[in-house]
Amino acid sequence: MKGVPGVVHTPRRTTQLTLRQTIGAFARYWLAEPKVVAAILALLLGIIAAEAATPIALGELAAVVADRATPGSVSLREPWGALLAAGLAMITAIVLRQLLDRGWNALTVRSMQRLQLDLFARVQRLPAEWHANSFAGATVHRISRARWALDMLSNIIVLRLLQPALLLVVMGGILTWRLPVAGGVFYFLSFLYVIASWQLSARWVRPMSVVSAARDSRLTGALADSITNNATVKSFGAEEREDKLLRGFSDDWATVALPSFNRATDTNAVLQMVWTMAQLSVLGLIGWYAVHSRADVADVAFALSAVAMLSGQLRNLASDIRTIQRAFAEMEDAAEFLVASREVGDISTNCSEVVQDRRPIEGEIAFLNVSFSYPSGGQVYQDLSLTVLAGEHVALVGPSGSGKSTAVKLIQRLYEIDAGVVAIDGKDIREMAPSDLRKLISLVPQEPVLFHRSLAENIAYGRPEASMDDIIKAAKLARAHEFISTLQNGYATFVGERGAKLSGGERQRVAIARAILADRPILLLDEATSSLDTSTERLVQEAIAELAKGRTTIVIAHRLSTIRNADRIMVFDKGMIVEQGSHDQLQRVPNGHYRRLLELSDQPAASHIAKDQPIKPDGKQERQFASEAY
Ligand SMILES: Nc1ncnc2c1ncn2[C@@H]1O[C@H](COP(=O)(O)OP(=O)(O)OP(=O)(O)O)[C@@H](O)[C@H]1O
Ligand SMILES: [Mg+2]
């Protein structure tokens, strides 16, 4: 990435699609309503017939007028019939076109909806790894651009290209019938024009537009990333650095955008030249016919008005082609979501059909000889085995990066393991549909992120049908009710993007309330109370202890005081379990890992070891010590 040092994330393009694949991926959105498409094509043919009739009637009119104007002519033909026919043909074309446009608008809106909903559904189901590697902003941008690209393409292809193309064929046919050589030349030159347009667009304009669209996505992603991190930017006074970084992305885009635009403009000029030559040749031939008395007034008038009509419609062909190229590039950028989801391991759709197992879930979790490394990182586990019994309350402790959160992710099957088995109640979790598996689990993550929806909706996310009473009950248990009731809109308060309008501790309590309400047999708490002050934490711990009853619970904690009551504590180090047992057992192990952590953390739980040490009233200080231990 030229000019942008220090940026490691780029939105991934896992596939380079061909034009055919892109069209294939999107065609079904147009063809979803074949009857409507057929009706639109019928209207289109009607329009072509009316438009082709117009120059014929005009030619007739010219012949009558010329006849009557000739001195000594004995013609008594009236011009009114021809005039009426021309008028009728023109008005019919207008009315039919209006009907077609209306029908097309409705179809386009529905296709756009289908496309967006489908893209969203697929992106949602892409694996956690894909999301970890993608800019949310760029993905959003790609989805919405694809929707508008579909609109643009539909309009241009059907309304602005198909019509003139059909008209060209019909007019050429009539011309050939009347003046064979002129018609032949007209067809030949039009064919050249179409081939030139196609070749120039596909081989010259398109490749550059694809690059330009990809860089545009990257630019948007970078923009969104900086704006999302605005608080960090502010705190380091790094606005200028971010300006410069974005400037790099913008320059990257500009260096391809300009040649891309220019290629389209140049194509336009070349095509106009070709079309002008075609027009001049045909008109020259018709002049030759007229001079040699092989064409009458009606032929000449027809040819002139037909060419004028086509020129009017084809004048924008080049800019239309440019728009098409851009739209294709934008659609290709999003088509990846449609065709690549399985390639990158969409575990949600790949999963074999679940055999509905009606056994009640006990909740025993087992890792058997699990080896795992993140697709983009080093090895986390090598041959790890552990068992958490049904209903057991287990705590995971250990230094930062030792693989505690990873265990929680693997239980949810957010990643595929390299070897071994992760099982629930003795059943390999790969045999369950991921959505069924995840319905067994309540998770309170390390850094809860909330939807910008009401607090009530956020709390009820795991059980949307919950009553307001249940929501309040859960919030009370999680000690969230108190702060929620002080908010002006109470449970109806919207919490800002990612929950930004709440404090870290408040977000945690909302996430705990959500887990309480979801009421699942397995409870995973990853540093769930790390942002709470000591007194609130104690209260929330009571709620968690209550919640943990009868459930398999895995708690990850740095603050060792919070896990003393766990049935078993597993001490992790570098992806291995180096010690396990109850608090009482572990703290007695001389030179044990746990004992060392206790000593370092210097907190109430360690008071047995140094009985006379006063309990620190200040939770913050205690937390600081605890994290320093790692
Ligand atoms: N999405 C990811 N891609 C690549 N590597 C990752 C990813 N997530 C975590 N890792 C790496 O895996 C290792 C284990 O991480 P994990 O999150 O399990 O640690 P942890 O014990 O929970 O640490 P902490 O106490 O800081 O939360 C770390 O070295 C980390 O850098
Ligand atoms: Mg962690």
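The values are calculated or read from the model by the stated rules, or taken from the named source; none is laboratory data. As the structure is a computational prediction, the values presented were derived from the model and not from experiment. Glycine also receives a Cβ, built like all others from the backbone with ideal geometry; neighbour counts cover every protein chain displayed. These area figures cover heavy atoms from the full protein model, side chains too; ligands, DNA and RNA do not enter into them. Shrake-Rupley method; radii C 1.70, N 1.55, O 1.52, S 1.80 Å.
Data for the structure
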{"read-out": "Residues located in the range 402-446, provided they are of a type in the set (A, V, I, L, M), assigned to a loop (DSSP other than H, G, I, E, B), within 16 Å of ligand 1 (Cβ to nearest atom) and open to solvent by less than 30 Å² (accessible area, probe 1.4 Å)", "value": "ILE417"}
{"read-out": "In the range 391-401, residue farthest from ligand 2 (Cβ to nearest atom) [restricted to those that are surrounded by fewer than 21 Cβ atoms within 10 Å (Cβ to Cβ) and under 15 Å from ASP573 (Cβ atoms)]", "value": "PRO399"}
{"read-out": "Residue count for the range 189-231, restricted to those that are open to solvent by 60 Å² or more (accessible area, probe 1.4 Å), closer than 25 Å to THR22 by Cβ and of a type in the set (S, T, N, Q)", "value": "1"}
{"read-out": "Residues of the range 390-401 that turn out to be touching a residue at least 12 places away in the same chain (Cβ under 8 Å), within 13 Å of ligand 1 (Cβ to nearest atom) and not hydrophobic (A, V, I, L, M, F, W, C), as a count", "value": "3"}
{"read-out": "Residue that is nearest to ligand 2 (Cβ to nearest atom) [pool: residues in the range 402-431 that are under 19 Å from ILE522 (Cα atoms), out of contact with any helix residue (DSSP H, G or I) (no Cβ under 9 Å at 6 or more places or on another chain) and among the aliphatic types (A, V, I, L, M)]", "value": "VAL408"}
{"read-out": "Scan of the range 497-556 for residues that are within 16 Å of ligand 2 (Cβ to nearest atom) and either aliphatic (A, V, I, L, M) or not in a helix (DSSP H, G or I) (or both), ordered by number", "value": "ALA511, LEU524, LEU525, ASP526, GLU527, ALA528, THR529, SER530, SER531, ILE554, VAL555, ILE556"}
{"read-out": "Inter-residue pairs, beta-carbon under 6 Å, first touching a residue at least 12 places away in the same chain (Cβ under 8 Å) and in the range 286-307, second of a type in the set (Ser, Thr, Tyr), 6+ apart", "value": "ALA295/TYR289"}
{"read-out": "Residue within the range 106-122 that is open to solvent by 20 Å² or more (accessible area, probe 1.4 Å), more than 30 Å from ALA214 (Cβ to Cβ) and outside any loop (DSSP other than H, G, I, E, B) present", "value": "yes"}
{"read-out": "Helices (runs of 4 or more DSSP H) contained entirely in the range 168-268, each with at least 2 residues that are closer than 30 Å to ALA500 by Cα", "value": "206-228, 230-235"}
{"read-out": "Set ARG102, ARG12, ARG68, ARG77: member being part of a helix (DSSP H, G or I) and either of a type in the set (Asp, Glu) or at pLDDT below 85 (or both)", "value": "ARG68"}
{"read-out": "Residues of the range 374-389 satisfying the condition of being in contact (Cβ under 8 Å) with a residue 40 or more places away in the chain, in a loop (DSSP other than H, G, I, E, B) and within 16 Å of ligand 2 (Cβ to nearest atom)", "value": "TYR374"}
{"read-out": "Flag if ARG588 is away from ligand 2 (no atom under 16 Å from the Cβ) and under 20 Å from SER402 (Cα atoms)", "value": "no"}
{"read-out": "Every pair of residues 6+ apart whose Cβ atoms lie under 6 Å, when the first sits in the range 137-164 and is at pLDDT below 80 and in a helix (DSSP H, G or I) while the second is open to solvent by 20 Å² or more (accessible area, probe 1.4 Å) and among the hydrophobic types (A, V, I, L, M, F, W, C)", "value": "GLY137/ALA224"}
{"read-out": "Number of positions in the range 465-513 that are of a type in the set (Ser, Thr, Tyr) and modelled with pLDDT of 90 or more", "value": "4"}
{"read-out": "Yes/no for GLY248 being at pLDDT 90 or above and within 22 Å of ALA136 (Cβ to Cβ)", "value": "yes"}
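The rows are residues; the columns are (1) open to solvent by 30 Å² or more (accessible area, probe 1.4 Å); (2) more than 16 Å from ligand 1 (Cβ to nearest atom); (3) within 22 Å of THR406 (Cα to Cα).
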site	(1), (2), (3)
ASP470	yes, yes, no
ARG479	yes, yes, no
ASN489	yes, yes, no
GLU497	yes, yes, no
ALA515	no, yes, yes
ILE522	no, yes, yes
SER531	yes, no, yes
